[in-house]
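The structure appears right after this line, and notes come after that.
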Amino acid sequence: AIRPRANILEICCGDGFNTHRFYSERGGRVLAVDYNQAALRYARRVHSRPNIEYRHCDVLEGVPEGPFENVIWDSAMHHFSLPDVAVILASIHRSLANDGLLSGYTEIEPGEEYAHTRLRFTDPERLADLLSGEFAYVAVLETPDPVRRNLYFFASDVLRALPFSEGIHQGWASTPEPALAHQL
């Protein structure tokens with residue numbers, strides 16, 4: 001889903017592992033933000049590259065201004081309340097390029113043992129509905145596992161920006177079809 005040489009914003013980057021190993025390889029420039037200063041210090045020390053900038057940011061006050069072709073929000077949405085997520089999504093939307101793409105993932109976890117969870121998704125439709133409140137086109141891919149179910153999401157105002165056809169896709173036995181525009 002990341003365009004070659006894209007201008008990327010990663011929110012809630014944590015220690016920068018994904019930033020360094022996955023996003024900076026494909027992107028032209030990566031601005032990776034997090035609220036945790038200790039995680040950012042570690043990221044700068046261990047996961048630096050010339051095309052990565054790590055910056056302190058409280059995403060509840062807004063994400064950095066774009067335009068960004070890709071905004072990535074991996075495994076952190078569940079740390080925020082539903083009203084907070086709505087505020088963050090609106091801020092991301094404003095920072096995306098006109099044909100930009102928000103992508104990321106969140107979990108459907110069994111049980112209540114994770115103390116930092118503020119938002120729980122019980123099914124992929126709930127996530128798709130939340131994203132559809134802000135973006136015209138949404139695709140959610142659920143990868144079920146007996147212990148953990150991940151929900152990978154993609155959202156844009158341009159259909160051809162989605163790497164899969166819009167809607168809900170479940171299971172790993174069948175790979176979702178690419179968006180029609182990608183086939184042209």
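What accessible area per residue comes out for the chain, rounded to a whole number of Å², with a 1.4 Å probe?
51
I'd like the distance separating the alpha-carbon centroids of segment 26-52 and segment 67-81, in whole Å.
With segment 26-52 and segment 67-81 each reduced to a Cα centre, they are spaced 15 Å.
Arg55 to Glu107: FRET efficiency via 1/(1 + (r/R0)^6), r the Cβ-Cβ distance, R0 30 Å, to the nearest 0.05?
So the FRET efficiency works out to roughly 0.70.
So how much slack lies between Arg41 and Phe22, counting 0.36 nm per residue of separation and subtracting their Cα-Cα distance, in nm?
Difference between extended and current length: 4.9 nm.
Treat each spin label as a single point 7 Å out from the Cα along the C-beta direction, and report the Leu82 to Ala136 distance in nm.
It works out to 2.7 nm between the two label points.
Work out how much length Asp99 to Glu125 would gain on full extension: take 0.36 nm times their residue separation and subtract the Cα-Cα distance, in nm to one decimal.
Stretched out fully, the Asp99 to Glu125 stretch lengthens by 7.0 nm.
So what's the back-of-envelope 222 nm ellipticity for the chain, counting only DSSP H runs of four-plus at -39500 (n - 2.57) apiece and dividing by all residues, rounded to 500?
-5500 deg cm²/dmol
Hey, can you rank 121-134, 154-167 by average C-beta count inside 10 Å, highest first?
Order by mean packing, descending: 154-167, 121-134.
The values are calculated or read from the model by the stated rules, or taken from the named source; none is laboratory data. Worth saying up front: this structure is predicted, and the values here are computed from it rather than measured. With ideal geometry, Cβ positions are generated from the backbone for all residues, glycine too; neighbour counts draw on all protein chains shown. Note: areas computed on protein heavy atoms with side chains; ligands, DNA, RNA excluded. Shrake-Rupley method; radii C 1.70, N 1.55, O 1.52, S 1.80 Å.
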